[in-house]
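Trainee: Okay, handing you the structure first.
The values are calculated or read from the model by the stated rules, or taken from the named source; none is laboratory data. Predicted model, so just to flag it, every value in this text is computed and none were measured. Every residue, glycine among them, receives a Cβ derived from its backbone with ideal geometry; neighbour counts consider all protein chains shown.
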Amino acid sequence: MATFLASPVQAFVIASLVVTGTYLYSKLYYRRFKQNAHLPQLPSSLLWGHLMAFDRYTKQGIPDRHPDIIFAEMHRALGEPPIMLLDNWPIVPPMVIVASHDVAEQVSRPSTKFQFSAPKSSSVDRIVNLIGPNSILLKQNEKWKSVRKRFNPGFAPQHLMTLLPVIIGKAAPYLQILDELAHAGEVFQFDQPTTNLTFDIIGAVAMDEDMGAQHQDPAHQGELIRMFEELIKTYADDKLQLPWWLMPRAHLRRRRLGGLISQQLKAIVSRNFEEMKVREHQGQAHSRSRSILALSLQDIESLTPEIMEETCDQLKTFLFAGHDTTSTTIVWSIYELFRTPHALKAVRAELDSLFGPGAARDPAIVRDKLLSPEGAEIIHRMTYISAVIREILRLHSPAGSIRVANPGSGFSVSTSRGEYNLDGNWIYINHNLIHRDRAVFGDTADNFVPERWLASDGLPASAWRPFERGPRNCIGQELANIETRIIIAMLVCRYEFTKVGLGEIDLEGNGQPTVNAIGQFKVKSELYSTIQITGKPVDGMMMKVKLATET
């Protein structure tokens, strides 16, 4: 029998492979089972971490539902701890999901370790072509503070009230489009015209530019809006979290579109800066534009390449975030109001008291009242509408906030179950879990109840955080609030909306709806959110609309 004798080289290779394999195994074993063993989590796999568990829960329900819904199901299976580890590495780093508003507050507030709260994670890098590498969302510490300070004047509440004519002016073609859809009796995606409206508004408010988003013929839309829409589509179909090396063509397309958008914005910034300097030279500073861009340039002496890049990337960020959250809030508000008769009645009664009985059906009366000296006061007196918006953002918050505790930072949080060190992990402040916490919102946590925000005793401030809290809260939240109130006021009395498809009202044999135990019309199926960068109604909110005078 022949005996195989390995040569010295073969022996060395085999030994090296054994040593390397042992080393890699021990590193992976430590990462999966030791590094975060102290954190509450479902059973993990050495090779897959929680990826297989996540896949299993995904397949137990509607596959395209928002990941937050899947996280909530996993969270319940674990016994609803204040925090939960989800280890989906190497797709994304290990992530601590925060389900408690108390813990979220510890993450978002300034601390001795983090002067401006826990830093934002690199998760935002996945939309870097959409918001730009110099976006305020990516800035940290003093660099973030500098950008925030520069753009704060444009988002000051008093200044935003001076922009009411812009917001109201952009609403006119929107109402015309809805009037035409009402007369045609067509089924349409309510999200589309509403998104075009909010894109037009943020373009005008941010840059004093006509985006042309509301042209019904796409060929006549502005080039900037067309490129933005094309870029946003590259993140659809669950592509948001995939690394670039799994979809290189989509990644290259994003880079190309992001570069083209930057070129357009640079031209706009240059033109605004030159016009501002000409007016200053001619002593006409009082006639300058009052856009967010103009205010951010007022103390700039020279438009350096660095300032140009930073300004363009903030505009990218404002254009995306400024249209997205607002349009989603509006369409969910209309859906919930028109399936909740007592809430719809309360909103219409409030508008009758502000504009006069039945007057809110007439866009001209609403426009004139809001543009009058008392316009700002009328908006502030929309108490019930404000409660509706707060409740919509609680139930249908578009996105959470992902922070990071860098290795060695020693960042810990205190919970009802003890103290946990979060070093080396992403920290996901999960609004869906926090906003539906039964310990805070009781048995109606999953229900649309605007009245909860009218109670004098109120709820913990930290339990409502769609715009996040602390130093790094959303710079545009006041604009979104004003804009949403105005659009809801223009829609609710003028139109009757009927949901079609998912979430459609279930009519009895006599053709009439039935009110269920929580004061809403029964529906044939539940409408749910899916992820399209942010959370959106899965069907684009399919609707039919008719003029309220026709009912």
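Trainee: Kindly indicate whether Arg76 is of a type in the set (Lys, Arg), surrounded by 15 or more Cβ atoms within 10 Å (Cβ to Cβ) and within 30 Å of Ala445 (Cβ to Cβ). Spell out the reasoning first.
Mentor: Numbers: of a type in the set (Lys, Arg): yes; surrounded by 15 or more Cβ atoms within 10 Å (Cβ to Cβ): no; within 30 Å of Ala445 (Cβ to Cβ): yes.
Against the criterion (of a type in the set (Lys, Arg), surrounded by 15 or more Cβ atoms within 10 Å (Cβ to Cβ) and within 30 Å of Ala445 (Cβ to Cβ)), Arg76 does not qualify.
Trainee: What's the number of the only condition in (1) surrounded by fewer than 17 Cβ atoms within 10 Å (Cβ to Cβ); (2) under 15 Å from Ile201 (Cβ atoms) that Gly509 fails to meet?
Mentor: (2)
Trainee: Kindly list, by first and then second residue, each pair from a residue in the stretch 48-76 that is in contact (Cβ under 8 Å) with a residue 60 or more places away in the chain to a residue that is surrounded by 15 or more Cβ atoms within 10 Å (Cβ to Cβ) and assigned to a helix (DSSP H, G or I), limited to pairs with Cβ atoms under 6 Å and residues at least 6 apart or on different chains.
Mentor: Filtered contacts from the stretch 48-76: Asp68/Asn432; Ala72/Leu433.
Trainee: Same structure, new question: Given the options Val166, Val187, Val147, name the one that is within 30 Å of Pro407 (Cβ to Cβ) and either without any contact (Cβ under 8 Å) to a residue 12 or more places away in the chain or not basic (Lys, Arg) (or both).
Mentor: Details: Val166 fails: within 30 Å of Pro407 (Cβ to Cβ); Val187 fails: within 30 Å of Pro407 (Cβ to Cβ).
After applying the criteria, what remains is Val147.
Trainee: Six or more apart or on different chains, Cβ under 8 Å: which pairs go from a residue in the stretch 16-33 that's without any contact (Cβ under 8 Å) to a residue 60 or more places away in the chain to one that's loosely packed, with under 11 Cβ neighbours inside 10 Å and of a type outside the set (Lys, Arg)? Could you list them?
Mentor: Leu28/Leu47
Trainee: Considering each of Val523, Val545, Val515, Val492 in turn, give the residue that is farther than 30 Å from Thr234 by Cα, crowded, with 21+ Cβ neighbours inside 10 Å, touching a residue at least 24 places away in the same chain (Cβ under 8 Å) and in contact with a Lys or Arg (Cβ under 9 Å, 6 or more places away or on another chain).
Mentor: Numbers: Val523 fails: crowded, with 21+ Cβ neighbours inside 10 Å; Val545 fails: in contact with a Lys or Arg (Cβ under 9 Å, 6 or more places away or on another chain); Val515 fails: crowded, with 21+ Cβ neighbours inside 10 Å.
It is Val492.
Trainee: Give me the pairs, please: first residue somewhere in the stretch 34-45 and touching a residue at least 60 places away in the same chain (Cβ under 8 Å), second residue anywhere and surrounded by 12 or more Cβ atoms within 10 Å (Cβ to Cβ) and β-branched (Val, Ile, Thr), beta-carbon distance under 8 Å, and either six or more positions apart or on two chains.
Mentor: Leu39/Ile83; Leu39/Val96; Pro40/Ile83
Trainee: Would it be correct to say that Ile83 is among the β-branched types (Val, Ile, Thr), surrounded by 11 or more Cβ atoms within 10 Å (Cβ to Cβ) and within 30 Å of Pro398 (Cα to Cα)? Full working, then the answer.
Mentor: Details: among the β-branched types (Val, Ile, Thr): yes; surrounded by 11 or more Cβ atoms within 10 Å (Cβ to Cβ): yes; within 30 Å of Pro398 (Cα to Cα): yes.
It is true that Ile83 is among the β-branched types (Val, Ile, Thr), surrounded by 11 or more Cβ atoms within 10 Å (Cβ to Cβ) and within 30 Å of Pro398 (Cα to Cα).
Trainee: I'd like to verify a number: residues in the stretch 338-391 that are surrounded by fewer than 17 Cβ atoms within 10 Å (Cβ to Cβ), within 27 Å of the chain's Cα centre (by Cα) and of a type in the set (Lys, Arg), how many?
Mentor: Within the stretch 338-391, residues that are surrounded by fewer than 17 Cβ atoms within 10 Å (Cβ to Cβ), within 27 Å of the chain's Cα centre (by Cα) and of a type in the set (Lys, Arg) number 1.
Trainee: If you don't mind, another one. Does the stretch 406-422 contain any residue that is in a helix (DSSP H, G or I), acidic (Asp, Glu) and surrounded by fewer than 12 Cβ atoms within 10 Å (Cβ to Cβ)? Break it down into steps so the answer makes sense when it comes.
Mentor: Step one: of the stretch 406-422, the residues in a helix (DSSP H, G or I) are none.
The answer is no, given that none of the residues of the stretch 406-422 is in a helix (DSSP H, G or I), acidic (Asp, Glu) and surrounded by fewer than 12 Cβ atoms within 10 Å (Cβ to Cβ).
Trainee: Show the residue pairs meeting these rules: Cβ distance below 8 Å; 6+ apart or different chains; first residue within the stretch 356-383 and over 20 Å from Tyr495 (Cβ atoms); second residue part of a loop (DSSP other than H, G, I, E, B) and among the aliphatic types (A, V, I, L, M).
Mentor: Thr383/Leu454
Trainee: Only residues that are of a type outside the set (Gly, Ala, Ser), in contact (Cβ under 8 Å) with a residue 24 or more places away in the chain and over 28 Å from Ala236 (Cα atoms): list them for the stretch 248-281, please. I'd like the intermediate steps shown before the answer.
Mentor: Here is the first cut: in the stretch 248-281, the residues of a type outside the set (Gly, Ala, Ser) are 248-249, 251-257, 260-261, 263-266, 268-269, 271-281.
From what is left, the residues that are in contact (Cβ under 8 Å) with a residue 24 or more places away in the chain are 254-255, 257, 260-261, 264-266, 268-269, 272-273.
If the condition is that a residue be of a type outside the set (Gly, Ala, Ser), in contact (Cβ under 8 Å) with a residue 24 or more places away in the chain and over 28 Å from Ala236 (Cα atoms), then Ile268, Val269, Asn272, Phe273 are the ones that fit.
Trainee: Could you check how many residues of the stretch 442-466 are of a type in the set (Phe, Trp, Tyr) and surrounded by fewer than 19 Cβ atoms within 10 Å (Cβ to Cβ)? Steps first, please.
Mentor: Residues of the stretch 442-466 that are of a type in the set (Phe, Trp, Tyr), as a first pass: 448, 453, 464.
If we keep only those that are surrounded by fewer than 19 Cβ atoms within 10 Å (Cβ to Cβ) as well, we get 453.
Total satisfying the criteria: 1.
Trainee: Next up: Of everything in the stretch 438-452 that's in a helix (DSSP H, G or I) and among the acidic types (Asp, Glu), which residue is nearest to Tyr335 (Cα to Cα)?
Mentor: Glu451
Trainee: So, one more: If you check every pair at least six apart or on different chains, which have Cβ atoms under 8 Å apart with a residue in the stretch 114-136 that is within 22 Å of Glu309 (Cβ to Cβ) and free of Cβ contacts under 8 Å to residues at least 24 places away in the same chain first and a residue that is in a loop (DSSP other than H, G, I, E, B) and of a type outside the set (Phe, Trp, Tyr) second?
Mentor: As it stands, the answer is Asp125/Leu138, since those pairs meet every condition given.
Trainee: Name the strands (runs of 3 or more DSSP E) wholly within the stretch 453-551 that hold at least 2 residues that are in contact with a Pro (Cβ under 8 Å, 6 or more places away or on another chain)?
Mentor: Qualifying strands (runs of 3 or more DSSP E): 529-532, 534-537.
Trainee: Now a separate question. Go through the residues of the stretch 209-218 one by one and say whether even a single one is surrounded by fewer than 17 Cβ atoms within 10 Å (Cβ to Cβ), in a loop (DSSP other than H, G, I, E, B) and in contact (Cβ under 8 Å) with a residue 12 or more places away in the chain.
Mentor: Yes, the stretch 209-218 has at least one match.
Trainee: Can we say Ser397 is modelled with pLDDT of 95 or more, within 30 Å of Tyr528 (Cβ to Cβ) and among the polar types (S, T, N, Q)?
Mentor: Working: modelled with pLDDT of 95 or more: no; within 30 Å of Tyr528 (Cβ to Cβ): yes; among the polar types (S, T, N, Q): yes.
When the stated conditions are applied, Ser397 does not pass them.
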